[in-house]
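Here is the structure we will look at, set down as structure tokens.
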Amino acid sequence: MNIYLIRHGETEANLVVNASPVLTEKGMKQINALAKRLKDIKIDAIVSSNQERALLTAKEIQKHNPVELVVTEELQEIYRLIIGGKPKEGTRPNRFEEDKARAEDYWKKMSEWKYENVAVVCHGNIIKFLLSKAMDAPLNYFNTARIDPASISIINLGKDKSKISVVNDTAHLSEELLTKDSIYVE
């Protein structure tokens, strides 16, 4: 099974700390280019975080791939400390444990899917987590990797092993649509 890990388009929060996580004008253009890039791939299902930025990205993909869209809170962003990021002041108690357990559970669910190609639209830190799991690597393995807005990373998930074939592909974005210095809000 090929799992296309897709980060949502650029948001205000990707540019300015504490800004609203709504898609920017550039983010809307990014998701349009992303959807066009995926239109020739036979996607069996689209699974999306329930956060608006991811859901808008998923719905744009669905316009070109009219398949089932599954929306879940399980794909919400995870606390950056899980993947080796720095602590964030004001983080609720137990967030590390709760987010890590949620992400681990979702990784297990993914391995039971019966799809050939599935698009998973979510957020940067959870993508890094899933890439680390695919490599059976420490969770901080991809901490410093770039996962740009509207990027595609691909995991080939088999019964006994998995491999990563693509990380942070943004070839579908023109130079002016690239987000140069994205920040992570979680």
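Just so it is clear, none of the values below were taken in a lab; they were calculated from the coordinates. All of these numbers come straight from a predicted model, not from anything done at the bench. As a convention, Cβ positions derive from the backbone with ideal geometry for all residues, glycine included, and neighbour counts pool all protein chains shown.
At-a-glance table
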item: Mean Cα-pair separation over length for the chain, i.e. relative contact order, pairs under 8 Å, 6 or more apart, %; result: 33 percent
item: Phi-based couplings in Hz for region 101-109 (Karplus 6.51, -1.76, 1.60; Gly and Pro marked x); result: 4, 4, 5, 4, 4, 5, 4, 5, 4
item: Ascending count of other beta-carbon atoms within 10 Å, so fewest first, for 8, 64; result: 64, 8
item: Modelled FRET efficiency - R0 22 Å, residue 44 with residue 166, Cβ distances, 0.05 increments; result: 0.75
item: Within the chain: Cβ-based charge dipole about Cα centre, in debye rounded to nearest 20 (Lys, Arg +1; Asp, Glu -1); result: 280 debye
item: For region 66-137, convex hull of alpha carbons as volume per residue, Å³; result: 101 Å³
item: Radius of gyration, Dmax [region 115-186; alpha carbons; angstrom]; result: 12.8, 41
item: The chain: calculated mean residue ellipticity at 222 nm from DSSP helix runs of at least 4, using -39500 (n - 2.57); result: -9500 deg cm²/dmol
item: Kirkwood hydrodynamic radius over Cα pairs of region 2-171, then Stokes diffusion coefficient at 25 °C and 0.890 mPa s, in µm²/s; result: 153 µm²/s
item: Per-peptide average of other Cβ atoms within 10 Å, ordering 101-114, 14-27, 131-144 highest first; result: 131-144, 14-27, 101-114
item: Separation between Cα centres of region 2-32 and region 120-186, rounded to whole Å; result: 14 Å
item: Residues 57, 179 arranged by fewest to most Cβ contacts within 10 Å; result: 179, 57
